[in-house]
Every structure is written in structure tokens, then in C-alpha cells.
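> Questions regarding the structure given below will be posed in turn.
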Amino acid sequence: MVSADIESKKMALMEHIIELRTRLMYSAAAVIVTFMGCYYFSQDIYAFLVQPLADVLGEDRRLIYTALHEAFFTYIKVSFFAALFLSFPVIASQLWMFIAPGLYKHEKSAFLPFLVLSPILFFMGAALVYYFIIPLAWKFFVGFETLGGDGMMPIQLEAKVDQYLSLIMRLIFAFGISFQLPILLTLLARIGAATSRGLAAKRKYAVVIVFIVASILTPPDLISQIGLAVPIMILYEISIISVRAVERKREALEDDDEDDDDGMEETDFNDSKV
């Protein structure tokens, strides 16, 4: 009997491993296929990512590379970055297909909206940094250029293509991931690991942590640091509201269950009297 239980557990574990491998293979295939398509358009993607700097410097300026292989690997990096960005919905759907069979119906209905909302918030964060934060930050940095004169050497920006693209891709991912905060805190509330009262009480600590994280993820300038920290704090406040809504819904369900139990007990009592 014990050996049969062990064998059934082994079979279940192997089925989960096989299922996980299948989902990972589909995700990897989606990234590879998207990567090949993105590499074909890598120059267009590169032009899109460089456009904020071109708007600040003007069309007569340039990016440089100092290693023979740097330009080639830059296009590889750009293509892989775009492939991860575009294939994120496929990866998220594969993750959902892996965990969904182990969830109850009400759990599926609870988690599915977050699966849809996650890429939307990621794109919102990426759009915020690309269209608002980056232009301001680039103007700030380029403002340190000097024309020289009176025995003073001019200071002019000659940005390396690899460093520039690494920076802008890091910023896009940092903002996109940071915008997942409401989803993370709401899910923690659903499993009972976070409360709206606790989040509100720890608000001052959250402000300090947010600014520390922003200083690590962004360049050393106040514009990009504040540009990341302020939206995160707004999202933190939205998370408190979302967690409070989850708690109210849970309390309403618990009240309904208690009413049902009381009704059943009263019915049983009346039946016993009869």
C-alpha cells in the first residue's frame, strides 16, 4: 500500500516536471521565433531606442563603438531585448497554463485578471520612461557639454552604442517591472501575507526603500530617480486601495458563509424539535 502511494506520487511529480518542460519549451520557442523576426528589424528597433538621444543631440551627432564586435553584439542584444518584450504575453500564458490546472474555479477567476493586467502595466511603465523620463534625463546629461575657449578644452559627448543601449534597456525593464507592484501586493493580500493596515503603517519605510531602489536602478541624476520613485509611491497607494477592496470582499464572503451556517443550524434545530 505504501509502495503504491510512493509510486503514484512519483508519477504525479514526473507529470508536473514533463508539463513544466513543455511550457518552458513553448516559451523558449516563442522567444527564439520572435528573436529572429526582431533581428530582421534590428536596425529599426535600434533607431527607435536611439531616437530620444537623437532628439536632444540633433541629427549631425553620432554614437561610437570601440571594439570590432561591439556593433554586431549590440544588434543581437537589441533583438533579444525586443523578443523578450514582445513574447512576454506568450510566456505569461504558458505560466498560466501550467498553474491553472491546480487552481479551483474561484481561484482561476481571481488570478486571471492579474494575468491580463500585468503586461498592460509593464507597457505603461515602459512608455512612461521612454516618452517622459528619458528625454528629461538626456537633456540633463547633455547639458554638461561645453564649447571650450580661452585655453579650455571643449567637452563633447561621444556616447558608446553598447553603453547607451544597455542603459535605456535597463531603464525600460526597471520601470516595467516596478509597475507590477500593485499586482504583487494584491496577490499577497489574497493569500493573507499582506494587509491594507500593515501597508499603510509601513508607508514611511516604503518611501525610503523606493528611493534606494530607484537610485540603484536609474542613472545618478535626480530626474530619473524621482521619475521612478514617484510613480512607484503612487502605485503603492493604489495597492493599498486594491488590498482594502480584497479584504472587504473576503469579509463579505465570510459573512455570507456565517449566515448560511446559522441558517443550517436553525433548520437542524427546528427539525430536531419536530
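> Kindly indicate which of 122, 175 is buried (at least 17 other Cβ atoms within 10 Å of the Cβ), of a type in the set (Phe, Trp, Tyr) and over 21 Å from residue 96 (Cβ atoms). Before you say what the answer is, go through the steps one by one.
Details: 122 fails: over 21 Å from residue 96 (Cβ atoms).
Unique residue meeting the criteria: 175.
> Does the range 201-218 include one or more residues that are under 15 Å from residue 137 (Cα atoms), in contact with a helix residue (DSSP H, G or I) (Cβ under 9 Å, 6 or more places away or on another chain), surrounded by fewer than 19 Cβ atoms within 10 Å (Cβ to Cβ) and of a type outside the set (Phe, Trp, Tyr)?
So the first thing to find is which residues in the range 201-218 are under 15 Å from residue 137 (Cα atoms), and the list is 214-215, 217-218.
Cutting the leftovers down to in contact with a helix residue (DSSP H, G or I) (Cβ under 9 Å, 6 or more places away or on another chain) gives us 214-215, 217-218.
After this cut, where a residue has to be surrounded by fewer than 19 Cβ atoms within 10 Å (Cβ to Cβ) as well, the list is 215, 217.
Filter once more, keeping what is of a type outside the set (Phe, Trp, Tyr): 215, 217.
So far as the range 201-218 goes, yes, one or more of its residues are under 15 Å from residue 137 (Cα atoms), in contact with a helix residue (DSSP H, G or I) (Cβ under 9 Å, 6 or more places away or on another chain), surrounded by fewer than 19 Cβ atoms within 10 Å (Cβ to Cβ) and of a type outside the set (Phe, Trp, Tyr).
> Working only within the range 92-126, note down all residues that are within 13 Å of the chain's Cα centre (by Cα) and either over 20 Å from residue 190 (Cβ atoms) or not aliphatic (A, V, I, L, M) (or both). Break it down into steps so the answer makes sense when it comes.
Residues of the range 92-126 that are within 13 Å of the chain's Cα centre (by Cα), as a first pass: 92, 114-126.
Those that are within 13 Å of the chain's Cα centre (by Cα) and either over 20 Å from residue 190 (Cβ atoms) or not aliphatic (A, V, I, L, M) (or both): 114, 118, 119, 122, 123, 124, 125, 126.
> The conditions are (1) farther than 16 Å from residue 164 by Cβ; (2) polar (S, T, N, Q); (3) in contact with a Lys or Arg (Cβ under 7 Å, 6 or more places away or on another chain), and residue 66 fails exactly one of them. Which is it?
It is condition (1) that residue 66 fails.
> Among (1) within 25 Å of residue 40 (Cβ to Cβ); (2) surrounded by 15 or more Cβ atoms within 10 Å (Cβ to Cβ), which single condition is residue 98 missing?
The number of the failed condition is (1).
> Tell me which of these residue 251 doesn't satisfy, since it passes every other one: (1) loosely packed, with under 12 Cβ neighbours inside 10 Å; (2) of a type in the set (Asp, Glu); (3) at pLDDT 85 or above.
It fails just one condition, (3).
> Here's another thing I want to ask about it. Determine if the range 227-235 includes at least one residue that is within 27 Å of residue 52 (Cβ to Cβ) and touching a Lys or Arg at 6+ places or on another chain (Cβ under 9 Å).
yes
> Look through the range 136-172, keep the residues that are among the hydroxyl-bearing types (Ser, Thr, Tyr) and surrounded by fewer than 15 Cβ atoms within 10 Å (Cβ to Cβ), and return whichever of them is farthest from the chain's Cα centre (by Cα). Walk me through how you get there before you give the answer.
Filtering the range 136-172 down to residues among the hydroxyl-bearing types (Ser, Thr, Tyr) leaves 146, 164, 166.
When the remaining residues are screened for being surrounded by fewer than 15 Cβ atoms within 10 Å (Cβ to Cβ), the result is 146, 166.
Working: 146: 38, 166: 18 Å.
Looking at residues that are among the hydroxyl-bearing types (Ser, Thr, Tyr) and surrounded by fewer than 15 Cβ atoms within 10 Å (Cβ to Cβ), I get 146.
> Take residues that are farther than 24 Å from residue 88 by Cβ and tell me which of the helices (runs of 4 or more DSSP H) falling wholly in the range 143-236 contain 2 or more.
161-178, 196-201, 203-217
> Then there's this: Step by step: first the residues of the range 41-86, then only those that are among the small types (Gly, Ala, Ser), surrounded by 13 or more Cβ atoms within 10 Å (Cβ to Cβ) and within 25 Å of the chain's Cα centre (by Cα), then the one that is nearest to residue 131 (Cα to Cα). Which residue is that?
Filtering first and then ranking leaves 82.
The values are calculated or read from the model by the stated rules, or taken from the named source; none is laboratory data. Small disclaimer: the values here were computed from a predicted structure and weren't measured. So basically every Cβ, Gly included, is an ideal-geometry build from the backbone, and we count neighbours across all protein chains shown.
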